[in-house]
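Remarks on the structure that follows.
Each reported figure results from applying straightforward, stated rules to the coordinates on display, with no laboratory input. This is a predicted model, so every value here is computed, not measured. For neighbour counting, all protein chains shown are included, and Cβ atoms are generated from backbone atoms with ideal geometry for every residue, glycine included.
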Amino acid sequence: IGCHSLDGTKMVGPSFKGIWGKMEELADGSTVKVDENYIRESLMAPSAKVVKGYNPVMPPFAGQLQDSEVNAVIEFIKSVK
């Protein structure tokens, strides 16, 4: 709630609104499609691909989340329109 909005508002991290399937520009100038692999990597190693305009401040959740929890986050992000 304090890092990612659901309504498009820019916060510490990108908003989840309408992000699923979108191409995001990264800080290094490359782009990535917001899909299951990207979300999973963003949770486990968030500094690997940082969205342009944001600082790499998200903590890694590797070893803290079970696969079922990661899948739940992915399904939630898919649902935010």
Rg [Å, one decimal], Dmax [Å, integer] - the stretch 35-81, C-alpha atoms: 10.9, 30
Mean ellipticity per residue at 222 nm, deg cm²/dmol - from DSSP H runs of n ≥ 4 across the chain, formula -39500 (n - 2.57): -8000 deg cm²/dmol
Electrostatic dipole magnitude of the chain [Cβ: Lys, Arg +1; Asp, Glu -1; Cα centre; debye, to 20]: 260 debye
Surface/4 of the Cα convex hull for the chain, nm²: 4.9 nm²
Distance between modelled label sites at D7 and E75, nm, 7 Å Cα→Cβ extension: 2.7 nm
